[in-house]
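The values are calculated or read from the model by the stated rules, or taken from the named source; none is laboratory data. From a predicted model like this one, the values you see are computed outputs, not experimental measurements. Here Cβ is always computed from backbone atoms with ideal geometry, including for glycine, and neighbour counts include all displayed protein chains. What goes into the accessible areas is simple: the full protein's heavy atoms, side chains included, and nothing from ligands, DNA or RNA. Shrake-Rupley method; radii C 1.70, N 1.55, O 1.52, S 1.80 Å.
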Amino acid sequence: QVQLVESGGGLVQAGGSLRLSCAASGSFFSINRMGWYRQAPGKQRELVASSTSGAGTNYADSVKGRFTISRDNAKNIVYLRMNSLKPEDTAVYYCNAYMSSAPGVAYSERWGQGTQVTVSS
């Protein structure tokens, strides 16, 4: 059973920082892309940041310069460092990964359960 388990969410004041972590566990062969999405109440889920093996990182315009995504490939963990947080960053943050179960098997998309980030003004 492959799982993505997030941690690190919480309540923070505007201007503060948080670091989210997402660890992949279970039986899998490799991970290609890992990223973070978020969904605020009444809004669609949106990409925040992603990291693709051999292809670098990608950020939403709204978080560029404030958020940093990083990966520990040895531990299969992806982090999201969030600085200068704003009330509009309030959302449930979801970890996302494309994982392959064996050599030659296509990558399939996986999601974590989500972690709440609330930024107070």
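Some observations on this one:
- Ellipsoid equivalent to region 57-121 - semi-axes via the Cα gyration tensor, in Å: 27, 13, 10
- Note on Gln1 and Gln44: their simple-model spin labels are 3.3 nm apart, each label 7 Å out from Cα toward Cβ.
- Of all accessible heavy-atom area on region 65-121, the percent that carbon and sulfur account for (1.4 Å): 48
- Its Cα centre serving as origin, the chain has a Cβ charge dipole (Lys and Arg +1, Asp and Glu -1) of approximately 120 debye.
- Per-residue 3J(HN,Hα) values for region 61-67, derived from phi via the Karplus relation 6.51 cos²θ - 1.76 cosθ + 1.60 with θ = phi - 60°, read 4, 5, 10, 4, x, 10, 10 Hz in sequence order (x marks Gly and Pro).
- Under 28 Å from the Cα of Lys75 - lysines, other chains or at least 8 residues apart: Lys64
- Surface per residue (accessible, 1.4 Å probe) for the chain, Å²: 53
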